[in-house]
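Peer 1: The structure under discussion is supplied below as structure tokens; questions concerning it will follow.
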Amino acid sequence: MTTELTSPQLAAREAELLASIPHQLLIGGRWTDADGQAAFDVRDPATGAVIATIADASPADGVHALDAAVAAQHAWAATAPRTRGEILRRTWELLQERTEEAALLMTLEMGKPLAEARGEVAYGGEFLRWFAEEAVRITGRFGTNPEGTGRMLVAQRPVGPCYFITPWNFPLAMATRKIAPALAAGCTAVIKPAELTPLTTLFLAGLLREAGLPDGVLNVVTTTQAGPVSDAILADPRLRKLSFTGSTPVGVKLLKSAADNVLRTSMELGGNAPFLVFEDADLDAAVDGAIAAKFRNIGQACTAANRFLVHESVADEFAQRLTARVTALRVGRGTESGVTIGPLIDGRAVAKVGALVDDAVAGGAELLTGGHVIDRPGTFFEPTVLTGVSVDSAIFRDEIFGPVVTIVPFSDEADAVTKANSTQYGLVSYAYTQDLRRGQRLIESLDTGMMGLNVGVVSNAAAPFGGVKHSGIGREGGAEGIHEYLETKYVLTPDPFQS
Ligand code: NAP
């Protein structure tokens, strides 16, 4: 097997890139050691090798980072919107110039294939460009009150200092989706990236500084103590907003802490997306969409199709065609050319996916391909297809977060919609049908914040991303995204023509 990994030139390039990434906390514009110089290791999930050792913030470090965000808040809010936008725009330009570095870094710390990492640089970067443009479009209203006795002014003001917690699965995009709208709105922030993938956030923070971001506007705390560090920041009365992307159980816990401090919150939580294939669907398009919706990011996306609901008349054919495509996927380290499936993020993820598959098989599901851990260094699981999955099985209820397709037949549209909506999650749904009226009915009957109708990927910086039910509160991206970081202020003045 030819692997770029073993080429000395590429290994040297990886080492050079890793050596160039800041390894400290960013507080008030200075790269700073953590309390007691504590540090932790970051590993490559494809090999298990340590690729960096970085600062491990304490709760006190977290509060110092908030001090810096609070100190910078007034001046940043008073900075011209055009200037705020231009810093974001410049960061986007720098990211374009350094696409290869950013992509390689994500592949090294998270495992996704390099081609997908480049895709994330494009997607994640778009939030910087989109909100650079939105910074100058924050408007208000002015009018006469109904009684005619006064003038009503409605303005949009920045919420104030924010705290961001991001997951490991999209290390760049989950950070830019919060940082860009907040900075555009005039808010300062502290960001805590996932312990497993902190390097991309440090890289991004370096770009923002290079683009001219003033000291303290963005502060980065990397830590192994997510709970204690977050508790200290969330309890501080100077904080005004929490934006979290991650699992629903952690989101619920954070919402409770945020309630004590009456914080504005944006919660982007877990998913359990249904992928519906009707008897009138274009099956080739549905199989293409299924591969994209399931296997992007090695199945580790909140938008990943989790339950394939297929009309009973085409279920076998769909399963057969999809299985042929799945067996052709190439597993390996994301830096190797031609690889389409990298490792899962860690051993816990492999154990969880394996247990869900074993449980489904014990419950009567049939394995069409895959189903096992791959015996090689790193944390790899075979791309898998299961049919005849019971709707009562854990794999149907839980977010799989791995490269596993579960196929469940349905009898008619009402049965499909009932099965699709039978979950506490409501992030995204996908449906394949060539019947326009059925498509219109599904738009209204599927309980999700987003929907792909005859497409398998919906994410776009220009679109409002977010879920309903236990999938979250609020929207990121689109014209809506900046409003998560703005407060409405109403002012009444007397009629200037009356004495
Ligand atoms: P997670 O375990 O909830 O972790 C997410 C973040 O929360 C990490 O930074 C983590 O820090 C931190 N965290 C964990 N426990 C915490 C606590 N007690 N207090 C404060 N912070 C805490 O989720 P994950 O495994 O990283 O990510 C996968 C989940 O994210 C999936 O459920 C996926 O659906 C969801 N997700 C949702 C969206 C969306 O837009 N809706 C997008 C991407 C992912 P450590 O890393 O240090 O543990």
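The values are calculated or read from the model by the stated rules, or taken from the named source; none is laboratory data. A quick note: this is a predicted structure, and the numbers were derived from the prediction, not measured. We place every Cβ from the backbone using ideal geometry, glycine too, and count neighbours over all the protein chains shown. Side chains included, ligands, DNA and RNA excluded: accessible areas come from the protein's heavy atoms. Shrake-Rupley method; radii C 1.70, N 1.55, O 1.52, S 1.80 Å.
Peer 1: Put +1 on the Cβ of every Lys and Arg and -1 on every Asp and Glu Cβ in the stretch 273-461; which of Ser411, Val350, Leu368 then has its Cα farthest towards the positive end of the dipole?
Peer 2: It is Val350.
Peer 1: So, one more: Mind listing the long-range amide H neighbours of Arg43? Cut-off is under 5 Å, sequence gap 5 or more, other chains count too, H placed in the peptide plane at 1.01 Å from N.
Peer 2: Ile51
Peer 1: For the chain, what does the accessible surface come to per residue with a 1.4 Å probe? Please give it in Å².
Peer 2: Working: 19420 Å² over 499 residues.
I get 39 Å² per residue for this part.
Peer 1: Could you compute the net charge surrounding Ser243? Neighbours are other residues with a C-beta less than 13 Å from the C-beta of Ser243; K and R count +1, D and E count -1. Before the final figure, lay out each step's value.
Peer 2: Numbers: positive: Arg177, Lys178, Lys192, Arg240, Lys241, Arg264, Arg475; negative: Glu268, Glu476, Glu484.
Residues near Ser243 contribute +4 overall.
Peer 1: Next up: If you take every residue apart from Arg141 with its C-beta less than 15 Å away from the C-beta of Arg141, what net charge results, scoring Lys and Arg +1 and Asp and Glu -1?
Peer 2: Details: positive: Arg137, Arg151, Arg157, Lys489; negative: Glu487.
Neighbour charge sum, excluding Arg141 itself: +3.
Peer 1: Also, quick follow-up: Work out the charge dipole of the chain with +1 on the Cβ of Lys and Arg and -1 on the Cβ of Asp and Glu about the Cα centre, then indicate which of Val310, Thr223, Val136 is farthest towards its positive end.
Peer 2: Val136
Peer 1: Now a separate question. What shape does the chain take by its C-alpha gyration tensor, where a ≥ b ≥ c are the square roots of the eigenvalues and a/c under 1.5 counts as rounded, a/b above b/c as prolate, and the rest as oblate? Walk me through the numbers before you get to the answer.
Peer 2: On the way: a/c = 2.01, a/b = 1.28, b/c = 1.58.
Note, shape of the chain comes out oblate.
Peer 1: Could you give me D for the stretch 273-461, from Stokes-Einstein at 10 °C and 1.306 mPa s, where the hydrodynamic radius is the Kirkwood radius over C-alpha pairs? Units µm² s⁻¹, please. Show your work: numbers first, answer last.
Peer 2: Working: Rh = 16.4 Å.
Rounded to a whole number, D works out at 97 µm²/s.
Peer 1: What is the dipole size for the stretch 203-265, taken about its Cα centre, with +1 at each Lys and Arg Cβ and -1 at each Asp and Glu Cβ, in debye to the nearest 20? Walk me through the intermediate numbers first.
Peer 2: Numbers: 7 positive and 5 negative charges, 47 e Å.
Taking the Cα centre of the stretch 203-265 as origin, the dipole is about 220 debye.
Peer 1: So if I place +1 on the C-beta of Lys and Arg and -1 on the C-beta of Asp and Glu, and nothing else carries charge, what would the dipole magnitude of the chain be about its Cα centre? I want it in debye, nearest 20. Provide the component values of the computation, followed by the final result.
Peer 2: Working: 43 positive and 58 negative charges, 277 e Å.
Computed about the Cα centre, the dipole is about 1340 debye.
Peer 1: Among Ala194, Leu254, Ala293, whose Cα projects farthest towards the positive end of the dipole of the chain, with charges put on the beta-carbon of Lys, Arg (+1) and Asp, Glu (-1)?
Peer 2: Checking the options against the dipole of the chain, the answer is Leu254.
Peer 1: With a 1.4 Å probe and all protein chains left in place, how much of the accessible area of the stretch 273-461 comes from carbon and sulfur atoms, in whole percent? Intermediate results must be reported in sequence, preceding the final value.
Peer 2: Values: 3530 of 7150 Å².
Carbon-and-sulfur percentage of accessible area, whole number: 49.
Peer 1: Can you give the calculated 222 nm mean residue ellipticity of the chain, where each DSSP H run of n ≥ 4 adds -39,500 (n - 2.57) and the sum is split over every residue, rounded to the nearest 500 deg cm²/dmol? List each step's numbers first, then the result.
Peer 2: On the way: 15 runs with 195 residues, N = 499.
Computed ellipticity for the chain at 222 nm equals -12500 deg cm²/dmol.
Peer 1: Kindly identify the stretch 1-141 as rounded, prolate or oblate by the Cα gyration tensor criterion: order the square roots of the eigenvalues as a ≥ b ≥ c, call it rounded if a/c is under 1.5, otherwise compare a/b with b/c, prolate if a/b is larger, else oblate.
Peer 2: It comes out oblate by the Cα gyration axes.
Peer 1: Using alpha-carbon pairs under 8 Å, 6+ residues apart, how would you state the relative contact order of the stretch 93-169 in percent? Present the calculation step by step, with values, prior to reporting the outcome.
Peer 2: Working: 49 pairs, mean separation 15.7, N = 77.
Dividing the mean separation by the residue count of the stretch 93-169 yields 20 percent.
Peer 1: On to the next question. Considering Cα pairs under 8 angstrom that are at least six residues apart, work out the relative contact order of the stretch 52-206 and quote it in whole percent.
Peer 2: Working: 212 pairs, mean separation 45.8, N = 155.
The normalised contact order for the stretch 52-206 reaches 30 percent.
Peer 1: Hey, another quick one. For the stretch 203-212, take each phi angle, set θ = phi - 60°, evaluate the Karplus expression 6.51 cos²θ - 1.76 cosθ + 1.60, and give the result in whole Hz per residue in order, putting x for glycine and proline.
Peer 2: Karplus-based 3J(HN,Hα) across the stretch 203-212 equals 4, 4, 4, x, 5, 4, 5, 4, 7, x Hz.
Peer 1: I would also like to ask the following. Counting only C-alpha contacts under 8 Å and six or more residues apart, can you give the relative contact order of the stretch 273-461 as a whole percent?
Peer 2: Details: 367 pairs, mean separation 53.7, N = 189.
With pairs under 8 Å counted, the relative contact order is 28 percent.
Peer 1: Given the Cα-Cα distance of Ala328 and Asp260 and 0.36 nm per residue of separation, how much length would full extension add, in nm? List each step's numbers first, then the result.
Peer 2: Values: separation 68, 0.36 × 68 = 24.48 nm, distance 5.13 nm.
Length gained between Ala328 and Asp260: 19.3 nm.
Peer 1: Between Leu436 and Ser20, what is the label-point separation in nm under the 7 Å Cα-to-beta-carbon projection?
Peer 2: Simple spin-label model gives 5.2 nm for this pair.
Peer 1: Next question, about the same structure. Counting Lys and Arg as +1 and Asp and Glu as -1, what is the net charge of the other residues whose Cβ lies under 14 Å from the Cβ of Asp41?
Peer 2: Details: positive: Arg43; negative: Asp44, Asp56, Glu109, Glu195, Asp346.
Surrounding charge for Asp41 is -4.
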